Amino acid sequence: MIGKIVGGILGLIVFRNFFGMLIGTFVGHMYDLSVAQSRRPSQASSFVGPLFAFAGALAKSDGRVSEVEIRAAEALMTRLRLDADLRRMAIEQFNLGKAPEFDSQSAVIELRAWTHGRRDLAFLMLDLLLDLVYAEGSLPASKLGMVRQLCWALGVSDAELAAVTAMKGYGPRYRYQGPQGGYSGQQRTRNTESKVDPYVVLGITHESEPSVIKRAYRKLMSQHHPDKLGDVPAELKKRAEDRAREINAAYERIKSERGFN
């Protein structure tokens, strides 16, 4: 948009007529397209490495990497449909990440760079990792600390982390109570869809006014729209589509319970 505006103004100044402004606008439009192209999410190879390195460090953070966590990592490789080279990279990086001397901050920095500040991609990164986070059923403080470190780097709040967690089916029996309220419960096991708290999904409290609920819904839908993802693996697009449906379902359930349109 900036390129078109600047180009149009320069075209008008240089040519001093409407036709010149159109030429400048077109040149600016091509500049905007080139910038947008350069900012598109990179190919899978650029996030597979840091993703699995962080996953390895996450699995190791409680002292040992269990067979359950290894199976969860292998399942993620399958879900992402990695080819032989990328799968080999994922395994190497997972093993690197679980080494005692590995600095997980380097993986966090690379994941943040891959998202380019885009929150939809940040949420999808968390979505991919949560199956490993909860692979053993419980959530030790060491793992929670690493997840929150990643969230901080990606600009994701505790409330938004709770929402992503609920949409994955983990821990929805506790309720997020707002920025100062924390959580009213500690159970963090996987639950069925019927037990997912729709208010947690939308990142709001049970006392929120309809106007607040509507704003939260619109914001989430804009952040999780699958069409905005660009060139990313099919599994990420599928998860974005699933998430959009989950957000819609939570919103419709709240509307039905509260009786507003």
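Give the residue that is surrounded by the fewest Cβ atoms within 10 Å (Cβ to Cβ), with candidates limited to residues of region 92-129 that are basic (Lys, Arg) and modelled with pLDDT of 90 or more. The qualifying residue surrounded by the fewest Cβ atoms within 10 Å (Cβ to Cβ) is 112. Contact annotation: no residue pair with Cβ atoms under 6 Å, 6 or more positions apart or on different chains, pairs a residue in region 147-165 that is within 13 Å of residue 123 (Cβ to Cβ) with a partner that is basic (Lys, Arg) and assigned to a loop (DSSP other than H, G, I, E, B). A single entry from 122, 107, 163 fulfils the requirement of being under 17 Å from the mean Cα position of the chain (by Cα) and not assigned by TED's automatic domain parsing to the domain that holds residue 52: 163.
Residue count for region 209-261 under the criterion of being of a type in the set (A, V, I, L, M) and at pLDDT below 80: the result is 5.
Name the single residue, out of those in region 72-91 being surrounded by fewer than 13 Cβ atoms within 10 Å (Cβ to Cβ) and charged (D, E, K, R), that is modelled with the lowest pLDDT. Among those residues, the one meeting the criterion is 81.
Looking at region 168-179, can you tell me whether even one residue there is part of a helix (DSSP H, G or I) and modelled with pLDDT of 65 or more? Yes: region 168-179 contains one or more residues that are part of a helix (DSSP H, G or I) and modelled with pLDDT of 65 or more.
Within region 51-91, the set of residues being assigned to a loop (DSSP other than H, G, I, E, B), closer than 20 Å to residue 150 by Cβ and of a type in the set (A, V, I, L, M, F, W, C) comprises 65, 80. Exactly one residue out of 144, 132 is crowded, with 21+ Cβ neighbours inside 10 Å and either at pLDDT 85 or above or in a helix (DSSP H, G or I) (or both): that is 132. For region 147-158, residues that are modelled with pLDDT under 90 and in a helix (DSSP H, G or I) total 1.
The values are calculated or read from the model by the stated rules, or taken from the named source; none is laboratory data. Note that the structure is predicted; figures quoted are calculated from it, not measured. Virtual Cβ from ideal backbone geometry, glycine too; neighbours counted across all protein chains shown.
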